[in-house]
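This report refers to the structure that appears directly beneath it.
Bear in mind these aren't lab numbers, they're just calculated from the coordinates by the rules spelled out. Since the structure is predicted, the reported quantities are computational estimates derived from the model, not experimental observations. FYI the Cβ positions are ideal-geometry reconstructions off the backbone, even for glycines, and counts take in every protein chain you see.
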Amino acid sequence: MSEAFERERQNNARLEELSSKVSALRGVTIDIYDSARSHEVIDSTSETFSSMGTQLKGSASRLGRMAASGNKVAVLKLSGIIIGVFIFLYYVTRLFF
C-alpha cells in the first residue's frame, strides 16, 4: 500500500513538472508569435514609407519641371505650396514642443 502511495506521489510530481514545462513552452510560443507580428508591422511600415518617398520624389520632379517651364501661375502655385508647408510645419512643431 505504501509503495502504491509513493508511486502516485511521484506521478503527481512528474505531472506538475510536465505542466510547468508545457506552460513555459506556451509562453515562449506566444512571445515568438508576438515578435513575428511586430516585425511584420515594422516591415509594412517601412514599405509604406519607401513608397511615400518614391511618390514624393516624383512630385518634386514634376514641380521642378513646372517651375522650369517659366509659367508665372505655376511658379506662384509652387511658391504657395512651399510657404504653406513651412507654415504647417511651424505650427505642428509648436504644438508638440
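Looking across Leu95, Leu89, Leu56, Leu76, one residue alone is loosely packed, with under 10 Cβ neighbours inside 10 Å, free of Cβ contacts under 8 Å to residues at least 12 places away in the same chain and either in a helix (DSSP H, G or I) or of a type outside the set (A, V, I, L, M, F, W, C) (or both). It is Leu95.
Within region 49-62, not a single residue is more than 30 Å from Ile82 (Cα to Cα) and not charged (D, E, K, R). For region 38-97, the set of residues classified as over 30 Å from the mean Cα position of the chain (by Cα) and among the hydroxyl-bearing types (Ser, Thr, Tyr) consists of Ser69, Ser79, listed by residue number.
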